[in-house]
Amino acid sequence: MPSWRHAFLHAGAGSAAPAPVLIFSSGFLTPAAAYGTLLQQLAAAGCVVVSYDKSFETLSYLMDDNDSVRLLAEVWRRAAELLAGRQGQQQQQQQAVGPVFLVGHSRGAKVRRPLWRW
């Protein structure tokens, strides 16, 4: 599977309620940074936001939807591992994480749909 990079925008502590986790998949050939303002606002509102780029995808090399779904599944798996470690190590200091939501724009929303079967 091609390499990928991810970024976490952590919600600040201060609420006893578990923070929802949003795994965001951007639209076709659009970097996650294009949604930076939106993702930062979601994090400021108390969500833990995970976004990722498919920097290897270009007009010359397009990922098909099945590969995009597999990549998103891998991001979800790695995010779950990292968040489990975060929750275990800093349980006293930071807000607990809550349910996970797969969200996206355009093609990012399209490729997240098959994962709800898992």
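Coordinate-derived values only; no laboratory data. Since the model is a prediction, treat every value here as computed from it, not as a measurement.
List every residue whose amide H lies under 5 Å from the amide H of residue 49, counting only residues 5 or more places away in sequence or on a different chain, with H placed 1.01 Å from N in the peptide plane.
Correct list: 9, 11, 22.
How long is the gain from residue 103 to residue 77 if the chain were fully straight, where each residue apart is worth 0.36 nm and the alpha carbon distance is subtracted? It would help to have the intermediate numbers written out before the result.
On the way: separation 26, 0.36 × 26 = 9.36 nm, distance 1.53 nm.
Full extension of this stretch gives 7.8 nm more.
Please compute the length gained on full extension between residue 110 and residue 41, using 0.36 nm multiplied by the number of residues separating them and subtracting their Cα-Cα distance.
Numbers: separation 69, 0.36 × 69 = 24.84 nm, distance 2.29 nm.
My answer for the length gained is 22.6 nm.
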